[in-house]
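Read the structure below first, then the notes.
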Amino acid sequence: MLEQLTRRFRAAAARARRVERRELREFRRWAETTDHIVHLSVLVFVPLLIGLVTAVSNVVPTLSFLLFPPLASGTHTLFADPRGKYSEPGRFVGGLTIGAMCGLGALWVSNTVLNGPQGQFQVAAGAATLAVLATGLITWPLDIEEPSAYSTALLTLLVQPSQRMPFVGSIFLASSLVALVFVVWRDRFYDRRATVLYKSTTGDDHVLVPMRGDSAGATAMLAARLAAAHDAGKVVLLDIVDDPEAAETERALLNGPLRQRNASTADLAGEDVSDAIRDEVDRLETRAWEVETRVGVPCQVVVAASDEPAAATTLRAADDANCDLIAAPYESEHGALTPYLRQLFRGDTDVLVHRSRNGRTRWKRVLVPVRRASDVAHNMVDFAIRLAGASGRVAVATCIGESGDRRRAESMLMDLVEPFDAPIETRGARTDIQSFLVDTGSEYDLVIIGASQDRSAASRFIAPPTFERLQDIDTDVAIVDRSH
């Protein structure tokens, strides 16, 4: 009984860990989108910073609660649009402080010249007018206009006479504290989110290439150039053989000395090596040599024999070889991907399907069409930068149709490419994706698109995935899918 309970407990714990890992992975993917990062930061930092200033104000009685409304508003502006017009720390601190000083000056003029009301919470209309006017006149030429500055200018008019100068000082100190936290957050996290947070740009350096079809050599070179972007990159060429004895023979030849492969007859395990096996070994060795010498990435060859479906063998080989990306040559059947490739998409490893047009082995001009910012889009942009290199050209485009919101599309593209340290062109087209790619695809060496695995069955029935409508594009195509 105790042993049975222990097994049940271990099984429940294992299921809980799987659920926890899945939820953590889903949250990380959700957080990769810039809009989500910004909103999450607003929810975290604005309350914490206002709470911190409130705690300080409770200890220092001279700090007036009147400083909190403009401070909260300005803090939200900083974190909600980290690279916007009003998100410069100097503008934030200077605007709030000058606004308070203008309110103080307007109050003095009102009390001494205009004989305004002297009671608490009574403000002359002239004082309010002067405070706002002075704030605008001073912040405009200094280029530190800040919406919250007008709030501090007006709130200063309500401060008790004995607290007016401390109020201006508290505005400066509190805004400086907020600006310091914002600068650290923006420089250390937000601007570096591609390396700090985006898992899609930190992996995919061990690439498995199933050597299937005539274009496998070109796909192996593409995999090598992706892996070369990381110091620990490597390429694994996979040959799947139906006959276990033939697989053992291939492994023996691959692991044996060179003269054994060149011999006219070699006896391994009591059997003659067929010409087909020798040719296959020579092909694999040649591809591995090309990868290592032309790209400088370590390359190994794996031979697998299995009676299960080829896709299952490929996924297991990727796991055994510690590969986090499978780069497979394109295969089609009746205008759609073959069951082999579709099964790879359903696996737990990232997949890139490469359709080669003319055996190209360098891709210096890369186009990345996207629908929205996501972890898959980040992955595609990262791949494009790796392939194009320092001297290449990368363009990220989106199609908004005839009635789409261009401003929103441009904002999405900027959020997508901003974290990457590379010159990236952005393009917004008022046309459908297929027409756009037919018209512009030939200008590029490679088009990288998503596999659209997040679309519903009904959506895919109404409008097939983009990669299934690219037969007329005379350029290489890479279809990227992130593991589930």
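The values are calculated or read from the model by the stated rules, or taken from the named source; none is laboratory data. No experiment lies behind these values; they were computed from the predicted model shown. With ideal geometry, Cβ positions are generated from the backbone for all residues, glycine too; neighbour counts draw on all protein chains shown.
For this structure, a couple of remarks:
- Residue in the range 18-36 that is crowded, with 20+ Cβ neighbours inside 10 Å, at pLDDT 85 or above and part of a helix (DSSP H, G or I) present: no
- Residue check for Ala388: of a type in the set (Gly, Ala, Ser), under 30 Å from Glu410 (Cβ atoms) and touching a Lys or Arg at 6+ places or on another chain (Cβ under 7 Å): yes
- Qualifying residue in the range 372-379 (condition: assigned by TED's automatic domain parsing to the domain that holds Ser442, assigned to a helix (DSSP H, G or I), polar (S, T, N, Q) and in contact (Cβ under 8 Å) with a residue 60 or more places away in the chain): yes
- On inspection, Ser332 fails the criterion of being farther than 16 Å from Arg225 by Cα, out of contact with any Gly (no Cβ under 6 Å at 6 or more places or on another chain), among the polar types (S, T, N, Q) and crowded, with 17+ Cβ neighbours inside 10 Å.
- Against the test of being part of a strand (DSSP E or B), surrounded by fewer than 23 Cβ atoms within 10 Å (Cβ to Cβ), without any contact (Cβ under 8 Å) to a residue 60 or more places away in the chain and in the same structural domain as Thr475 (by TED's automatic domain parsing), the options Thr426, Thr431, Thr398 yield a single qualifying residue, Thr426.
- Residue list for the range 331-350, filter: touching a residue at least 60 places away in the same chain (Cβ under 8 Å) and either assigned by TED's automatic domain parsing to the domain that holds Glu410 or part of a loop (DSSP other than H, G, I, E, B) (or both): Glu331, Gly335, Arg346, Gly347, Asp348, Thr349
- Of the set (1) over 17 Å from Gly217 (Cβ atoms); (2) surrounded by 14 or more Cβ atoms within 10 Å (Cβ to Cβ); (3) modelled with pLDDT under 90, all apply to Ser274 but (2).
- Subset of the range 390-408 that is within 28 Å of Leu226 (Cα to Cα) and among the small types (Gly, Ala, Ser) - its residue that is farthest from the chain's Cα centre (by Cα): Ser391
- Inter-residue pairs, beta-carbon under 7 Å, first assigned by TED's automatic domain parsing to the domain that holds Gly74 and closer than 18 Å to Leu133 by Cα and in the range 153-168, second at pLDDT below 80 and not in a helix (DSSP H, G or I), 6+ apart: Leu157/Val123; Leu158/Phe121; Leu158/Val123
- Boolean, Tyr330 is touching an Asp or Glu at 6+ places or on another chain (Cβ under 9 Å) and modelled with pLDDT of 90 or more: no
- Residue satisfying condition, being surrounded by fewer than 22 Cβ atoms within 10 Å (Cβ to Cβ), in a loop (DSSP other than H, G, I, E, B), polar (S, T, N, Q) and at pLDDT 85 or above, within set Thr440, Thr361: Thr361
- Candidate set: the range 97-155, residues that are in contact with a helix residue (DSSP H, G or I) (Cβ under 6 Å, 6 or more places away or on another chain) and assigned to a loop (DSSP other than H, G, I, E, B); chosen: the one modelled with the highest pLDDT: Ile144
- Flag if Ala317 is buried (at least 20 other Cβ atoms within 10 Å of the Cβ) and of a type in the set (Gly, Ala, Ser): yes
- Residue within the range 307-328 that is closer than 20 Å to Thr475 by Cα and in contact (Cβ under 8 Å) with a residue 40 or more places away in the chain present: yes
- One residue from Asp421, Asp382 being buried (at least 21 other Cβ atoms within 10 Å of the Cβ) and either within 11 Å of Val366 (Cα to Cα) or not assigned by TED's automatic domain parsing to the domain that holds Gly233 (or both): Asp382
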